[in-house]
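Read through the structure below, which is laid out as structure tokens, and then see the notes.
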Amino acid sequence: MKYHLVAFITVAIWGSTFVFTKMLLQAGLSPAQIFTLRFIIAYVLLLGYSLLRNKVTSSPPKLGGVRGGLNNRSFRWFCRSWRDELLMIALGLTGGSVYFLAENAAMLFTTATNTSLIVCSCPLFAMLLFALFFRQSEKITRIQALGSLIAFLGMVVVVLNGHFVLHLSPLGDLLAFGACLCWAVYSLLMKAAVSGYSSLFITRKVFIYGLLTIIPYYIFVPSEASIFFSSPFHLFTFSTILNLLFLGVVASMLCYLTWNWVIGKLGPVIATNWVYFNPITTILFAWWLLDEKITIWFLLGSALILIGMYLADRRIK
């Protein structure tokens, strides 16, 4: 239950970020700039914490004391092999730059409903990928598969909210599907990463490679990079700074740490199923702050998600 609670809190925070992102967009920042700034904040803080932690654990022991845990807690810049380093680059792409660019770009060509439906269906694709690549070592039971499908149906009901009309846009829907597939692959790759490295190290690598792999975007769109060189201080008001700090410290640094940790404890399929709760927390947040109404479709969809999540966590065949 502890791991499920952490997963729920993480997704609940992610579900609230749309308000802060929207405010930053209204302030004049672009989606790529918001992603870059929040990841810079998160990486700098994690790097500082890691260096400080290493300094404390590697300091000489006091008289009569014993220094322990140095091998597990010592600071490192790179992985133990180039294959593991490539794995971290892939995590930075699928959980960072490519995911955010695809999701944000999708919103330019298709509706928010289409984007939410496609992106939030990533647990379904994570389950299919997991069954494909780990069918020998770990099998998904019929009850777990049924639970995931019921939770997916509940997510669809919540997002559509009684308005069963979709506006097809091939380019936008394809970009949203790309973001969905990115997060499913990220969850799958995380299973391999957590077996050999700590959540702190992995999360730090995700941030730095997310930042490095966003650089080509700025090369092709140089106007987006102007914010980092021309110092437009008028964009950074007190409200903007607070929003960036929330996205960087809470939604990025803390939530990525907890999410990577939860995947190691619950596995990629069970953990990723919590993404189905994202629309629920978003609507609850909008009801709380924006006075949006709670409909019967929201309640029905939420019930289906809860039932599906319960079944998906069952270990019986």
Label-to-label distance, nm, for residues given as LEU51 and GLU85 (7 Å Cα→Cβ offset) | 2.1
Out-of-range pairs (alpha-carbon distance over 30 Å; input LYS2/LYS205; LYS22/LYS55; LYS55/LYS265; LYS22/LYS265) | LYS22/LYS55; LYS22/LYS265
Extension gain, ALA303 back to PHE238 (0.36 nm per residue minus Cα-Cα distance, nm) | 19.4 nm
Using only protein heavy atoms and a 1.4 Å probe, report how much of PHE177 is accessible, in Å² to the nearest 10.
-> 80
If the convex hull is drawn through the Cα atoms of the stretch 172-253, its volume per residue in Å³ = 140
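If MET190, MET253, MET1 are ordered by their accessible area, calculated over protein heavy atoms with a 1.4 Å probe, which sequence runs from highest to lowest?
Working: MET190 0, MET253 30, MET1 180 Å².
Solvent-accessible surface, decreasing: MET1, MET253, MET190.
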Take every Cα-Cα pair in the stretch 1-50 and report what % of them are more than 19 Å apart.
-> 47
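The values are calculated or read from the model by the stated rules, or taken from the named source; none is laboratory data. For clarity, every value in this text was computed on a predicted model and none was experimentally measured. Virtual Cβ from ideal backbone geometry, glycine too; neighbours counted across all protein chains shown. Side chains included, ligands, DNA and RNA excluded: accessible areas come from the protein's heavy atoms. Shrake-Rupley method; radii C 1.70, N 1.55, O 1.52, S 1.80 Å.
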